[in-house]
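Working notes, beginning with the structure itself.
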Amino acid sequence: MEIGVRQPPCAGKMGFEAFCEWCAEVGFAAIDVPRLTPEVAKALADHGLRVGTVDLPAWGAQLSPDPARRQAGLAEQREILSKAKELGASVAFAVLLPEDHSQSRANSFEYWKESAPDFVALLDELDMHLALEAWPGPGPWLPTLGCTPETLRAMFAAVPSERLGLCFDPSHLVRLGIDYQRFLWEFGSRVKHCHGKDTELLDEQLYLTGNISPSFGAKYGYGECAWRYCIPGDGEVDWTFVAHRLKDFGYDNLVCVELEDCHYFPEVELQQEGLINSIDFLAEVFY
């Protein structure tokens, strides 16, 4: 397996070309990008990097109660994926977040069942895969479809295509109280991408506030209540277990660092330090 990186804020401050050069220098093999254009593809290739995932928007439209809106979303996705495929992408990344955040996951599932077969046909046509991430979405609704085993079981039962896969990011599972190891045993064959990100559980904060929001404001960025996202190795995840199970399931693609650790923001140099610490840790585990 190779180590890549999901494009962090410092990429915009540095400029993408300079960020690619820096990534190649420190040993990253690929970059996940929000949109793949000819310019982005050239910058990656010029520095010996490959495309990780490409973000796929328009999922809000695909979860709309309006059939016409869902068809418009599919047309937008077709255009994005077709261009990305021409430029070398093979895996699209998505969070199934409805446009109306108050929409229930149960309702989103019903709309998704109607739209998913046409989307799977598009993936078949382009020979691509979709990697769904389990970020639950903004509070208080937490409306993302597919952020729990409950909904994923229903989704894969309704539309069993192997084109529909997962971005395994254990940090979200840890914060939700879901057993990430059991999750990987159950859904390991569905993993199409992996994020290198961790979660630290804050026992003292849990004592002070329980599982509700603090009365006087959040103490940490990239976190809530009694948890915070952190770089791999600084949290609860046993990355050796993750590496072994992914290999058991035949996954031999990328593990991409997603930097959402308040200890390494906001300066560019701090973000670079966090990325280097992450790749150093993951390289020991996965190589």
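Trp141: net charge of surrounding residues, Cβ under 13 Å, Lys/Arg +1, Asp/Glu -1, itself excluded?
-1
Taking neighbour Cβ counts within 10 Å as the exposure measure, how do Cys225, Cys194, Cys256 sort from fewest upward?
Cys225, Cys194, Cys256
State to the nearest 20 debye the size of the charge dipole of the chain about its Cα centre, where the only charges are +1 on K and R beta carbons and -1 on D and E beta carbons.
Here the chain has a charge dipole of around 720 debye.
Between Asp127 and Asp280, what FRET efficiency comes out of the Förster formula 1/(1 + (r/R0)^6) with R0 = 41 Å and r the beta carbon distance, rounded to 0.05?
Once rounded, the FRET efficiency stands at 0.75.
Taking neighbour Cβ counts within 10 Å as the exposure measure, how do Arg190, Arg35, Arg245 sort from fewest upward?
Arg35, Arg245, Arg190
Looking at the chain only, what percent of DSSP beta bridges run antiparallel? Nearest 5 please.
25
Enter the Cα centre distance for the pair the range 78-107 and the range 209-267, rounded to the nearest angstrom.
Here the two parts' Cα centres lie 23 Å apart.
Read through the labelled values [x] 55; [y] 34; [z] 30 and report the label of the one computed as percent of Cα pairs over 30 Å apart from the structure.
[z]
Can you give the helix-only mean residue ellipticity at 222 nm for the chain, where every DSSP H stretch with n ≥ 4 adds -39500 (n - 2.57) and the sum goes over all residues, rounded to the nearest 500 deg cm²/dmol?
Helix-only estimate at 222 nm: -14000 deg cm²/dmol.
Mind computing the radius of gyration and Dmax over the alpha-carbon atoms of the range 160-265? Å is fine for both.
15.1, 47
What does the C-alpha gyration tensor say about the overall shape of the range 40-185? Classify as rounded when a/c is under 1.5, otherwise prolate if a/b is larger than b/c, or oblate.
oblate
Multiplying the sequence separation of Glu267 and Phe249 by 0.36 nm and subtracting their Cα-Cα distance, what value in nm do you get?
Contour length minus Cα-Cα distance gives 2.7 nm.
If each residue's Cβ is checked for other Cβ atoms within 10 Å, how do Ser215, Ser82, Ser115 rank with the fewest at the top?
In increasing order of surrounding Cβ atoms, one gets Ser215, Ser82, Ser115.
Can you work out the FRET efficiency for the pair Tyr287 and Ser215, with r the C-beta to C-beta distance and R0 = 45 Å, to the nearest 0.05?
With a Förster radius of 45 Å, E is 0.50.
Each reported figure results from applying straightforward, stated rules to the coordinates on display, with no laboratory input. These numbers were taken from a predicted model, which means no experiment stands behind them. Glycine gets a Cβ as well: all are built from the backbone with ideal geometry, and neighbour counts include every protein chain shown.
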